[in-house]
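The numbers here are math on the coordinates, done by the rules we state, and not lab data. Computed from a predicted model, the values in this text were never measured in an experiment. Please note: Cβ atoms are built from the backbone with ideal geometry, for glycine as well, and neighbour counts cover all protein chains shown.
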Amino acid sequence: MSSKAFVEDVMATAIARNPGEAEFHQAVREVVESVAVVIGKNKSFADSRVVERMIEPERQVIFRVPWMDDSGKVQINRGFRVEFSSAIGPYKGGLRFHPSVYLGIIKFLGFEQIFKNALTTTPIGGGKGGSDFDPKGKSDMEVMRFCQSFMSELFRHIGPDTDVPAGDIGVGGREIGYMFGQYKKLTNTFTGVLTGKGLEWGGSLVRTEATGYGLVYFVTRQLQDLGTDWKGKRVVVSGSGNVAIYATQKVHELGGTVVAVSDSGGYIVDESGINVDTVKRIKEIERGRIKEYVDAHPSGQYFEGWEGIWSVKCDVALPSATQNEIDGKAAQTLVNNGCIAVGEGANMPSTPEAVEIFQSNNVSFGPAKAANAGGVATSALEMAQNSMRIAWPFEEVDSRLKTIMNAVYDQCVAASDAYGMKNDLVAGANIAGFMKVANAMVAQGLV
Ligand code: NDP
Ligand code: 2IT
C-alpha cells in the first residue's frame, strides 16, 4: 500500500469510529501523515498494526459530576478520562476544565500526549481528562465541591503506577489541591497520584514554570539553528495563563521583549515590554481579566477580541492559549510581518493550513508535542522525586528540564534527517515519538 493510501485508510477508520470529533481527526491525521513513511519501511509495525492500535484508546471513562452551587442549586457536569497508551509507562497527562470540553477534545489531547511523553525521555504513557465545568466566576467553595465530586469517581481509575493526572486549561494549583485532598481521603494513601502539587505536599520546584520555560529553551535551539538568539527579539505570546506567564518571564530573562499577551476577551500591546508581575497578579491571584493590565500600565493598550494578537508585528510567536488559534490567515499575517520562528506552547494551536504556510515560508516551526513537552517532563521529575521521597533543589530540576528540552530537540532533528525531511520538526517529533512507542508495543505483544 502506498503511503497516501495508508493515510487515507487509517483516516477513514478513525473518522468512522469517532464521528464528529474534528480535533481528534486533525491530531491523528498529522501523526499518520508523518509516520506513513516509517510503516512502509518496517514490516513488524505494519504486521502488528501499531498505528491502527494506537488510535484506539486503551480505555475511556465518561462520568456524571453532580455538585451544588453557592445558591443551593444542583449542577451537573460531565467528566472524562481517556487512558490512551501505557506502552512506555503509566498514563500521564493533564485535566482540562473548560466549557468547550467534549470527548473529541480530550481524545486529541490524549493522543498528542502519547508522542510528547515519549519524546521527554522519561517513562510515561499518554492520557488526558477533564470536564465541561467552567471555573470562571465560581467561588473557591464551588470549585472545591466540583473537584471533590469529580475525584469521587476518578479516584478508582487512577493511581501513582496506573494513571497520574495534572493540570491543563482551567486546572492549576488550587484545583490539584482539592482533588489531591479528596483522593487522599477516599484511598487513605498519600502518594504521587497527581502532579503539580503544592511544594509543601509533594510538589516539585519548577513544575509551575516548566511548560513556559521549556518552550523557551526549545525555541532557543530553533533560533540557534537560524544563527541568532533572543537578544533584541520582539515576541508575541498568546494567552495569559500558566504557559504564557512563564514563557514571557523566560524570554525577558534571555534578552527578548514580549510586546503582547491575551486572554479569550482581547489582547494587550505594551511596547515597553509586558510586565510579568502585573499579569501574575491579575491572573494568578485576582483571577481577573487581561484588560485590567492597562490600569497599572498606561504604556499598555487593550484591544477587544483575541484573534487580533497575530497582527502585532513580531520576530517570534509563541501561541500559548488553545487549539486552532492560528489559522491560515493569521499565519500569513505573521509571515508578512517578518516572523522567523514559531514555538507552540499550547496544544495544536496552529491549524494544518497555518503549519503549511509557516513551513513553506521557511519560518522555523516548533510543534506543540515537542516545544511544550517541558511541563509533562517536569511532572515526570515530580513523580521520580515522589517515588524517592525527596525533593531536588530548583537548579537541579531546571537543569534536568534544560537537558530534556535539548534531547527533545535533538531527537526531532535526528528523526527528520533520517527520513529525508530536513528542518521539518513536525515530522521529526511525530516520527521520534512514534518509534519509541511502536517499538514498545511490538515488544509487548498484542495487548
Ligand atoms: P490556563 O488555564 O492557565 O490559561 C489559558 C489561557 O488561554 C488563558 O489566558 C485563557 O483565557 C486562554 N484561552 C483559553 N481558551 C481560550 C479560547 N478558547 N480562546 C482564547 N483564549 C483562550 O491554561 P495553560 O496555560 O495551562 O494552558 C494553555 C495551553 O497550553 C493549552 O493548550 C494547554 O493544553 C497547553 N499546555 C499546558 C501545559 C501545562 O503544564 N499547563 C503543558 C503543555 C501544554 P481566558 O482566561 O479568557 O479563558
Ligand atoms: O499538555 C500537557 O502536556 C499538560 N497539560 C501537562 C500534563 C502533565 O501531566 O503534566
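So the values come out like this:
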read-out	value
Out-of-range pairs (alpha-carbon distance over 26 Å; input K107/K185; K92/K402; K138/K280)	K107/K185
Expected-Rg normalisation [2.2 N^0.38 Å, Cα atoms] applied to the stretch 100-249	1.17
Whole-number percent relative contact order across the stretch 155-243, with pairs defined as alpha carbons under 8 Å at least 6 apart	23 percent
Label-to-label distance, nm, for residues given as T121 and R53 (7 Å Cα→Cβ offset)	2.8 nm
Euclidean distance between Cα centres, the stretch 383-447 to the stretch 71-93, Å	24 Å
Computed FRET value (nearest 0.05) for K185 with S299, which takes r as the C-beta separation and R₀ as 51 Å	0.60
Length added when fully stretched, K41-I390, from 0.36 nm per residue minus Cα-Cα	121.2 nm
Reduced Cα scattering model of the chain, Debye log10 I(q)/I(0), q = 0.07 Å⁻¹	-0.32
Hull volume in cubic angstrom per residue (convex hull over the Cα atoms of the stretch 105-170)	99 Å³
S264 versus T228: modelled label distance in nm, points set 7 Å from Cα along the beta carbon direction	3.4 nm
Euclidean distance of C-alpha centroids, the stretch 43-70 and the stretch 163-180, integer Å	20 Å
Percent of Cα-Cα distances greater than 17 Å, calculated over the stretch 180-242	60 percent
Relative contact order computed over the stretch 69-139 (Cα-Cα under 8 Å; 6+ residues apart), in percent	45 percent
Stretchable slack from R78 to Q444, in nm (0.36 nm times residue separation minus alpha-carbon distance)	128.4 nm
Estimated FRET transfer efficiency (S139, R289; beta-carbon r; R0 22 Å; 0.05)	0.80
Calculated FRET efficiency for the pair L103/A12, C-beta based, R₀ 22 Å, to 0.05	0.65
Surrounding net charge for D140, when Lys and Arg each add one and Asp and Glu each subtract one, Cβ distance under 12 Å	+1
Alpha carbon Rg of the stretch 177-327, scaled by the compact-globule rule 2.2 N^0.38 Å	1.17
Contour minus Cα-Cα distance for D70 and E356 (0.36 nm per residue)	98.2 nm
Relative contact order for the chain, counting Cα pairs under 8 Å that sit 6 or more residues apart, in percent	16 percent
